[in-house]
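Below is one structure, written out as C-alpha cells; the observations come after it.
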Amino acid sequence: MNPDIRRAVPADREVVVALRREASEWLAVEGIGQWEKPWPSEAEQNARIDAAIARGGTWMFCEGGVTGATVTFFGEDRGGFWEPTLRRSGTGTAVASAPALYLQRMIVGAAWRGRKVGARILDWASECGRRSGAEFLRVDIWRGNDGLEAYYSRQGFTRAGVIPDDVLRDLGFPEYPSTVLMQRGIPGGEGGPFDPAELWRKMV
C-alpha cells in the first residue's frame, strides 16, 4: 500500500481522537490501560491536539479517502522532559541538549496494522529530522506498555531514560503517564528547505 499524506486541518481532531479510541480499545483487549482515559482530561487532550494541528505539526496518512494513520512531531521538547532526565541519567550535556525531532501520537489504525506503515512513518520522520539538522528521533511512551517498547526497539530505538517523579512534579505534570524515553540516532546530512509531504511521496 502507498498511502498519501497531508497536513492536518482543524476538522481532523475528531479523526485523531477516533484513531486514539480505536487503539485504546485494542490495547484494552491486550490488558493494557494506555489511553483508556484522556489525560488529564478530555478537554485538555483536545486542546493539545488542536494546538498541534494549528502549529502544523500533525500529519494524516490516507488511502482511498480514508485516514488510516497519524503522527505529530516538532523540533523541540514541548514538555521539557528530555534534558533534565538525560542529565540525571549521566548521559552527558552534548546528548541531552542535542537537536532532535520529537514524536507524539503516532497511531496506525487497525485496518493498516501489519503493513509496516509505522516503520515507514518513522523512517520518513527520521529523514525530515536529518534535513532539519536533528541528531535524534525521540519519543516518550506509555509506562507499562512493554509491547510498545519492544516495537520501538525493533525499529532501532534504545531506552534513554525514565522521567523521574520529581522532574514531572517540577514541570507540572505529576501524573504524566508516558515516562519511558526512547531515541534513535539520525545520520548527519545537509539541511535546507524541504516539503515533508513531497519527501514522503518520494520515499514511498
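Which part of the range 2-26 falls in the paramagnetic zone of GLU63, meaning amide N under 17 Å from the point 7 Å along Cα-to-beta-carbon? Counting only backbone N, you get 2-6.
Among 181-187, 40-46, how do they line up by average Cβ neighbours within 10 Å per residue, starting with the highest?
Working: 181-187: 19.4, 40-46: 12.4.
Descending packing order for the listed peptides: 181-187, 40-46.
Averaging Cα coordinates gives a centre for the range 126-177 and one for the range 21-62; these two points are 16 Å apart. Using 11 Å as the cut-off for backbone N distance, which residues of the range 65-91 belong to the label zone defined by a point 7 Å from the Cα of LEU171 along Cα→Cβ? Once the point is set 7 Å along Cα→Cβ of LEU171, 77-86 turn out to lie under 11 Å by backbone N, inside the range 65-91. A Cβ-based charge dipole, computed about the Cα centre of the chain with Lys and Arg at +1 and Asp and Glu at -1, lands at about 460 debye.
Residues in the range 184-198, backbone N under 20 Å from the label point at ARG7 (7 Å along the Cα-to-beta-carbon vector): list them, ranges by number please. Under cut-off, by backbone N: 191-198. The alpha-carbon positions of the chain define a convex hull whose volume is 120 Å³ per residue. Positive end of the dipole of the chain (Cβ unit charges, origin at the Cα centre): among SER97, CYS62, GLY192, the Cα lying farthest that way belongs to GLY192. Over the residues of the chain, the helix contribution to mean residue ellipticity at 222 nm works out to -12000 deg cm²/dmol, using -39500 (n - 2.57) for each DSSP H run of at least 4.
Computed from the coordinates by the stated procedures, all read-outs in this text should not be read as laboratory data. Everything numeric in this text was worked out from a predicted model, so none of it was measured. Every residue, glycine among them, receives a Cβ derived from its backbone with ideal geometry; neighbour counts consider all protein chains shown.
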